[in-house]
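The values are calculated or read from the model by the stated rules, or taken from the named source; none is laboratory data. Here the structure is a predicted model, which means the values were calculated and not measured. Here the Cβ positions follow ideal geometry from the backbone for every residue, glycine too, while neighbour counts run over all protein chains shown.
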Amino acid sequence: MSLSPADAFEASPHSRNLDNRPLTDARSENHRKMIIKEIVETERNYVKNLETMHKYVTALTQNNLVDQATIHLLFANVDKVFAFQRKFLDGIEVIAELAWQDQRWGLHFIQAEEEFGVYEAYCANYHSASKLVVDDDLQHKLAVLNHLLDAKELPMCVKRPIGRVCKYPLLIESLLKNTSATDYQHYDELKSGSEAMKRVVDRINEAHRHAENEQTVKALQTCVDDWKGHQPETFGKLLRDDILRVTKSHIDRKYHIFLFENIILCCWQVIRPPPNARSDSRNIPLLLKGQILVRDVTQAVLGPPDPPAATPLGRYPIDIWWNGDNGPESFTLHCRNEEQMRDWESQLRRLIGKTRPGEQSDDTTDRKSVLDVYEDDGRPDQSSHAPPIDTPPTLPAPLQTEVPNPANAPDALVKVKVHVQDDTGPADDRAQRTGREDRAEAPPLPLAG
C-alpha cells in the first residue's frame, strides 16, 4: 500500500511535528533549519547517484555489453536529468548560505519549472525500464560492471529520479508549514513555487500514464478475439482502465473497464490467473461483454459510499447513465477509494461535456450501447444484493469540463503513482507511486460462468 504524500512527508523525522501543537517561533525556526539541511544534503546525495548512473551508462556504451536501444530503454535521458540537477544543486547551495529572509526558495523552483520537463521522458519510459531491469539474462550481462554499480541495485537506481522529483512539492510544503506571510517576506513566492512543482508532477504523471496506456492498448488488441463489429482504431485515446465491480439490474460482475475517448468497454478475463502470478494482467485473454458509446452517456453521478463491512470489492459508486433503445439505462462502477472515484468521475464528466447528446463520434455509427451481465446461458448471476436504480437522478452540479485542481486540498498535494524508496539521504526520502497503484492490488477476475 502506498502512502499519501502527507504521510510520506510525516515519515521524515526532520520535519514531523510530533505533538501536532502550534509551533512557536523558535520551534518553527529550528524545524525550518532542519528542513533546509535536509533539502541540501539529500540533493547532494541525489546528484552523486545521478553521476554514478551517468558513468555507468558511459561504461555500458564503451564496453558494448548491450545495444543502444537497450541502454535507452533502461536509462532514457538520464544524461539530461543529471545535467539539469547538477545546475539545480548549485542554486540550492547558494540559497542555503543566505540569511533566511534572503532565501528565495520559491523563485528557484518557479524558474526551474520548465527545465523539470526533462523528467517527463524519463518517467514515461519507467514502466518498460522497470520490467527490463530485472531480466535475469540482462542482469548476468551487466554483472561485469558491478565494480561501478551492482546490477542488483539497478532497479532502485532506475526508480530514484522519480522518487526525487515527486519529493520536491512535499519539501516546499514543509517550509510553508513552518513559516508565515508575517515573518517571511517571500511567503507568497514560496506558495507559487509549491504550485509550480505540483504542476511538474502532474505533467510527469500524465506522461507516464500516456506511455502506459499505449502499452495497454497494444496488448488489448491481441487479448480480445471478438470485437463484436467494433473497430479499435476508432476508440480514440485510452484515458483510464482498471478492474472494478460493476452492478447492473441488481447483478454484480467484476470487469476490466477501459475508458476511451469514444467508448467504454467492459471485459471479462477468459481464464483465471494462478495465485500470486507475476505475469502481466494485460496479456490475459478477454471477452468483450459490454460497450457503451460515449456519445450516448448522459450523466456520471457519485453515490454515497457503502459501509466498510458491506463489500471488499469497492465502496465508492459512480452511476453512469446512457440513452438506450428503450429509454435511459444505467450501471454502477464501484471504486476502491474516493480518489479513484473522483478521478473516474472527472474524466467521464469531461467527456460528457465534450460530446453533445446525439453527436456522432468516430466510432462505427450503427453500433449500439449495451452491457450484458448475464451468463452465457442467459441466466443472471444471483449473488448480488445491489439495490435497484429506477430513474436517473437529477445531476446535482453543472458538468465539469476540467479535472478539479487539488491545490486547495492540503491532504492532496500531488498525485504520485510509483512506490519508490529514495535513499539519497538520512531523511528516509520516501516517494509515491507513478503507475496505477490500485491495479497491482486488484484481485483476479472470476470465470465468466
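Inside the stretch 324-352, can you point out the residues that are surrounded by fewer than 17 Cβ atoms within 10 Å (Cβ to Cβ) and part of a strand (DSSP E or B)? Those that are surrounded by fewer than 17 Cβ atoms within 10 Å (Cβ to Cβ) and part of a strand (DSSP E or B): Gly324, Gly327, Pro328. For the stretch 108-120, the count of residues that are touching an Asp or Glu at 6+ places or on another chain (Cβ under 8 Å) and either modelled with pLDDT under 95 or not in a helix (DSSP H, G or I) (or both) is zero.
Lys198: assigned by TED's automatic domain parsing to the domain that holds Ser180 and charged (D, E, K, R), yes or no? Yes; evaluated as a whole, the condition is true for this residue. Of the residues screened, Leu60 is not one that is assigned by TED's automatic domain parsing to the domain that holds Val40, over 28 Å from Tyr168 (Cα atoms) and in a loop (DSSP other than H, G, I, E, B). For the stretch 209-268, the set of residues classified as assigned to a strand (DSSP E or B), more than 30 Å from Tyr119 (Cβ to Cβ) and of a type in the set (Asp, Glu) consists of Asp252 only.
Pairs are defined by a Cβ separation below 8 Å, a sequence spacing of at least 6 or placement on different chains, a first member in the stretch 158-174 that is under 18 Å from Ser130 (Cα atoms), and a second member that is of a type in the set (Gly, Ala, Ser); the pairs so defined are Val158/Ala129; Val158/Ser130; Lys159/Ser130; Ile162/Ala431; Gly163/Ala431; Arg164/Ala431; Cys166/Ala431. Apart from one condition, Ala129 fits all of (1) outside any helix (DSSP H, G or I); (2) among the hydrophobic types (A, V, I, L, M, F, W, C); (3) within 23 Å of Phe84 (Cα to Cα); the exception is (1).
Check whether at least one residue in the stretch 35-43 is assigned to a helix (DSSP H, G or I), at pLDDT 95 or above, over 25 Å from Val133 (Cβ atoms) and touching a Ser or Thr at 6+ places or on another chain (Cβ under 8 Å), and report yes or no. Checked against the condition, which is being assigned to a helix (DSSP H, G or I), at pLDDT 95 or above, over 25 Å from Val133 (Cβ atoms) and touching a Ser or Thr at 6+ places or on another chain (Cβ under 8 Å), the stretch 35-43 yields at least one hit.
Can you tell which of His186, His210, His230 is closer than 19 Å to His108 by Cα and either in the same structural domain as Leu265 (by TED's automatic domain parsing) or touching a residue at least 40 places away in the same chain (Cβ under 8 Å) (or both)? Before the answer, list the steps.
Values: His210 fails: closer than 19 Å to His108 by Cα; His230 fails: closer than 19 Å to His108 by Cα.
Criteria check complete, one pass: His186.
Only residues that are of a type in the set (Val, Ile, Thr) and without any contact (Cβ under 8 Å) to a residue 12 or more places away in the chain were counted in the stretch 78-129, giving 1. Taking the stretch 140-156, which residues are part of a helix (DSSP H, G or I), in contact with a helix residue (DSSP H, G or I) (Cβ under 6 Å, 6 or more places away or on another chain) and surrounded by 15 or more Cβ atoms within 10 Å (Cβ to Cβ)? If the condition is that a residue be part of a helix (DSSP H, G or I), in contact with a helix residue (DSSP H, G or I) (Cβ under 6 Å, 6 or more places away or on another chain) and surrounded by 15 or more Cβ atoms within 10 Å (Cβ to Cβ), then Leu142, Leu145, Ala151 are the ones that fit. Which members of the stretch 56-71 meet the condition of being surrounded by 14 or more Cβ atoms within 10 Å (Cβ to Cβ) and in contact (Cβ under 8 Å) with a residue 40 or more places away in the chain? Within the stretch 56-71, Tyr56, Ala59, Leu60, Leu65, Val66, Thr70 qualify.
Being modelled with pLDDT under 95, over 23 Å from the mean Cα position of the chain (by Cα) and under 16 Å from Phe258 (Cα atoms) narrows it down to one of Arg356, Arg295, Arg349, so name that one. Full working, then the answer.
Numbers: Arg356 fails: under 16 Å from Phe258 (Cα atoms); Arg349 fails: over 23 Å from the mean Cα position of the chain (by Cα).
Every option except Arg295 fails the conditions.
Of the conditions (1) under 20 Å from Asn63 (Cα atoms); (2) under 29 Å from the mean Cα position of the chain (by Cα), Leu175 clears all except one; give me its number. Evaluating Leu175 over (1) under 20 Å from Asn63 (Cα atoms); (2) under 29 Å from the mean Cα position of the chain (by Cα) leaves (1) as the failure.
State all residues of the stretch 123-163 that are among the acidic types (Asp, Glu) and within 19 Å of Thr52 (Cβ to Cβ); if no residue qualifies, say none. If the condition is that a residue be among the acidic types (Asp, Glu) and within 19 Å of Thr52 (Cβ to Cβ), then Asp150, Glu153 are the ones that fit.
The set of residues in the stretch 21-36 being of a type in the set (Lys, Arg) and in contact (Cβ under 8 Å) with a residue 40 or more places away in the chain consists of Arg32 alone.
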